[in-house]
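The values are calculated or read from the model by the stated rules, or taken from the named source; none is laboratory data. All of these numbers come straight from a predicted model, not from anything done at the bench. Cβ sites come from the backbone with ideal geometry, for glycine too, and all protein chains shown count toward neighbours. Note: accessible area is taken over every heavy atom of the protein model, side chains too, but ligands, DNA and RNA are not part of it. Shrake-Rupley method; radii C 1.70, N 1.55, O 1.52, S 1.80 Å.
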Amino acid sequence: MTAFDPGESASIISVTDKVRAVKIGAPVTSVHFLGPRAAFVGAEENVSLVSGEGEISRVTVHAGGILCAASDGARIVMGGDDGKLVALDAGGEVTLLASDTKRRWIDNVALHPDGAVAWSAGKTAFARNGKADDKSFDVPSTVGGLAFAPKGLRLAVAHYNGVTLWFPNMVATAEVLEWAGSHLAVTFSPDNKFLVTAMHEPALHGWRLADHRHMRMTGYPGRVRSMSWSAGGKALATSGADSVIMWPFAGKDGPMGKEPAMLAPLQARVTAVACHPRQDILAAGYGDGTILMVRLTDGAEILVRRNGTAPVAALAWDSKGSQLAFAAEDGEAGLLEL
């Protein structure tokens with residue numbers, strides 16, 4: 001990636017003329033890459049696959065609302081209010097993975113690098129390994145979020161008053177990490193040493209997995225709805241404030257006793273963050289529609305999109321970090337090739 005010239009100062013450099021506009025025409029909730037094609041997941045029924053030439057093909061994946069999505073680069077797995085779990089591959093083929101017998105909403109999903117998939121309906125979490133062997137586990141309240149650990153088949157299930165660590169392939173009693181409040185999105189650090197949740201309140205909470213020591217990450221003016229680990233996992237980028245809040249995780253204590261870095265401040269709240277997969281760069285979207293690329297080492301900024309009419313809803317890099325896709329809540333979207 002050569003967008004940043006090492007000799008440049010931290011002033012904003014515009015590359016907006018390189019952005020290719022994409023007209024999705026409907027609200028977008030997330031964006032992913034399937035090979036070279038960007039996949040814009042709509043709030044209702046459809047996924048829009050966009051080629052490098054800008055050709056759009058729409059694929060119907062659900063009969064109703066799309067409530068959650070996760071991707072491993074080869075497929076996108078989505079849950080809907082039709083009670084179905086489906087997968088979309090790079091060729092545009094849709095496969096039904098599961099149907100909830102009670103037609104409950106499938107509202108959380110997670111993928112493991114070895115092909116395992118997890119999903120939830122109500123208070124029940126489900127997991128299927130590569131052999132299509134389904135397991136289920138009930139937690140005390142509605143599941144708020146799911147995440148697979150980077151090593152081993154261990155699933156974090158976020159819920160009210162904590163997170164349950166469940167090993168679907170083991171009979172052992174599940175481990176519970178307790179903290180009062182409603183826990184939603186959950187993520188493991190790439191080195192498997194920490195677990196972090198986004199709370200219903202404007203805060204994050206974390207645990208050091210070796211000894212369950214708590215990590216309180218507070219001070220946000222709004223809820224954290226987007227989190228992304230930097231390349232190498234040394235920092236966690238988060239939304240929820242009028243700058244990107246970067247929590248340090250390089251040491252054995254993580255962010256405990258340390259102040260976060262605050263990057264790319266604007267007179268608008270950060271709504272989406274996505275770290276580059278290979279370099280110390282991130283993309284940040286804001287509530288006024290602005291998108292910036294930011295270099296983590298010195299905070300240098302590049303303007304990708306000027307403020308628009310709707311908040312940025314989704315950001316994603318391709319696996320090489322050579323393309324950035326984005327979408328606003330009103331369906332205005334774009335692709336930047338670097």
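Side notes on the structure shown:
- Mean separation of Cα contacts under 8 Å (6+ apart) over length of the range 153-236, as relative contact order %: 19
- Across the chain, Cα pairs under 8 Å and at least six residues apart give a relative contact order of 14 percent.
- At a probe radius of 1.4 angstrom, the accessible area of the chain per residue rounds to 44 square angstrom.
- The range 294-327 and the range 192-236 have their alpha-carbon centroids 22 Å apart.
- The accessible surface of the range 240-329, taken with every protein chain in place and a 1.4 Å probe, is 48 percent carbon and sulfur.
- Links that overshoot a 21 Å alpha carbon limit, given the list Lys151/Lys252; Lys151/Lys234; Lys18/Lys234; Lys234/Lys320; Lys23/Lys84: Lys18/Lys234; Lys23/Lys84
- Percent accessible area from carbon and sulfur atoms, the range 154-236, protein chains only, probe 1.4 Å: 50
- Net charge over other residues, Cβ less than 15 angstrom from the Cβ of Arg305 (K, R count +1; D, E count -1): -3
- Each Cα pair under 8 Å and six or more residues apart adds its separation to the average, and for the range 195-338 the resulting relative contact order is 14 percent.
- Size of charge dipole - the chain - debye, nearest 20, with Cβ of Lys, Arg +1 and Asp, Glu -1, no other charges: 620
- Shape category assigned to the chain from the gyration tensor of Cα positions, a/c cut at 1.5: oblate
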